[in-house]
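A.B. asks: Got a structure for you, questions after.
FYI, it's all coordinate maths here, none of it is from the lab. Treat the numbers as computed from the prediction; the structure is a model and nothing was measured. A quick note on method: Cβ atoms are made from the backbone with ideal geometry, for glycine too, and the neighbour counts reach across all protein chains shown.
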Amino acid sequence: MMHRTAALASAALLLGAMIAGCSSGGSSKTPTHAPTVSATSAPTRSATATPSLGIRAMDLASVADVRAVIASTGGSYLQDEVTYADVTGDGIDEAIVPIDSGGTAGDIAFLVLTPSGSGTKTLLKLAPASGSGGLAVAVEGGQIVMTQPVYGPEDPNCCPGALRKTTYVWNGTALAVESVKTETNPGGGGKATPVTP
């Protein structure tokens, strides 16, 4: 009988300690039960990519405007040459897509695409009418800077005497020209290989 009374007293003390632990916030050793969450109330994760990653996952070669510029210039699309940067200041990357001549002319056009719905929207499309290549496009401080050659009458194709830099900035609705500067090209001009008789 005495063993039974001691066992009951021990059980009562243990139960009391557990109740006291629960009312005082418990300890790390006190078991707690996670609330039950039904399958219908569980949070779901979207299967679509975030907009910033979305443009990087798109097949830009199949975009209608890219295909149209390729067709009109005879150029080609090179995925490795695409630059991704936020040029509109909204935290979402745009794609700066150069169109390559496929030869010594280098890049002959470029487009700036932004994600829009399940596709893209073209913010800027440039294919200089002169047909000359040698375009270079860079993103500097969130602005797009296009550099193109300016040839003097004696300049060979390799070495233009000047470079024109056009800077495009987002004005809230479009990429607009902020500045155009023509600078002397220190490595160009008059570098034709002399013909030896």
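A.B. asks: Over the range 51-184, what is the relative contact order in whole percent, taking alpha-carbon pairs under 8 Å and six or more residues apart?
C.D. replies: 16
A.B. asks: With 10 angstrom as the radius, rank M58, M146 by how many other C-beta atoms surround their C-beta, starting from the fewest.
C.D. replies: On the way: M58 16, M146 22.
Ranking M58, M146 by Cβ neighbours within 10 Å, fewest first, gives M58, M146.
A.B. asks: Quick one: V169, V66, fewest Cβ neighbours within 10 Å first, how do they rank?
C.D. replies: V169, V66
A.B. asks: In terms of the Cα gyration tensor, with a ≥ b ≥ c the square roots of its eigenvalues, is the range 51-184 rounded because a/c is under 1.5, prolate because a/b exceeds b/c, or oblate?
C.D. replies: It comes out oblate by the Cα gyration axes.
A.B. asks: Distance from a point 7 Å along Cα→Cβ of Q143 to each backbone N in the range 149-178: keep the residues under 18 Å and list them by number.
C.D. replies: Those under the cut-off are 163-178.
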